[in-house]
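Data block below; observations after.
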Amino acid sequence: MVSSKAETVDQYLAELPEDRCEALQTFRDAILAKLPKGYVEVMNWGMITYEVPLETYPDTYNGKPLMYAALASQKNHVAVYLTTVYSDPELLEWFTEEFKATGHKLDMGKSCVRFKKLDDLPADLIAKTLSKYSVKKFIKLNEDCRK
């Protein structure tokens, strides 16, 4: 996994090649337009993350904010990390069906959706997926998974 030392999202985007920057900016714009209130966008773990601040939920297993989603430019692809799709089987089923309906080929790991070109992944579907979990609902999912 490629990791950036950038301290801000703007610094991260500025260090990317133009095509990668454009792809991440497109996803970033779509996510920010639909991201439920309470999540914050920061640089963490060397990528752009959307997370629950520790001030909101300090009782995490590792003492770090709960990561809800992330965007990253990897060596051979751009990745969108969707923790709820990994943690919620019903959401995974919905996401997979919705993705297939777009006509795009799904290249996915446990929570990571990979794409090589911006046209390979529907930004609106990613944003819609992220709009489904309020901070409160995401915290509950996290707590239920830890039990």
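Things to note:
- Test for ILE139: is it β-branched (Val, Ile, Thr), modelled with pLDDT of 90 or more and within 15 Å of HIS77 (Cβ to Cβ): no
- Some residue of the stretch 107-119 being part of a helix (DSSP H, G or I), farther than 23 Å from ILE139 by Cα and either free of Cβ contacts under 8 Å to residues at least 40 places away in the same chain or of a type outside the set (A, V, I, L, M) (or both): yes
- If you go through the stretch 73-117 and keep only what is among the aromatic types (Phe, Trp, Tyr) and out of contact with any strand residue (DSSP E or B) (no Cβ under 6 Å at 6 or more places or on another chain), you end up with TYR86, TRP94, PHE95, PHE99.
- Residues being within 17 Å of CYS21 (Cα to Cα), surrounded by 14 or more Cβ atoms within 10 Å (Cβ to Cβ), more than 14 Å from the chain's Cα centre (by Cα) and of a type outside the set (Phe, Trp, Tyr) are entirely absent from the stretch 133-142.
- One residue stands out among those in the stretch 56-87 that are within 22 Å of ASP19 (Cβ to Cβ) and among the β-branched types (Val, Ile, Thr): the one that is surrounded by the fewest Cβ atoms within 10 Å (Cβ to Cβ), which is VAL78.
- Identity of the residue in the stretch 102-132, surrounded by fewer than 17 Cβ atoms within 10 Å (Cβ to Cβ) and either in contact with a Pro (Cβ under 8 Å, 6 or more places away or on another chain) or β-branched (Val, Ile, Thr) (or both), that ends up nearest to VAL85 (Cα to Cα): SER131
- Those strands (runs of 3 or more DSSP E) of the stretch 1-101 in which 1 or more residues are in contact (Cβ under 8 Å) with a residue 60 or more places away in the chain and among the hydrophobic types (A, V, I, L, M, F, W, C) occupy 47-52, 66-73.
- Per-region count, the stretch 26-37, residues closer than 12 Å to LEU13 by Cβ and either surrounded by fewer than 16 Cβ atoms within 10 Å (Cβ to Cβ) or in contact with a Pro (Cβ under 7 Å, 6 or more places away or on another chain) (or both): 2
The values are calculated or read from the model by the stated rules, or taken from the named source; none is laboratory data. Since the structure is predicted, the reported quantities are computational estimates derived from the model, not experimental observations. Glycine gets a Cβ as well: all are built from the backbone with ideal geometry, and neighbour counts include every protein chain shown.
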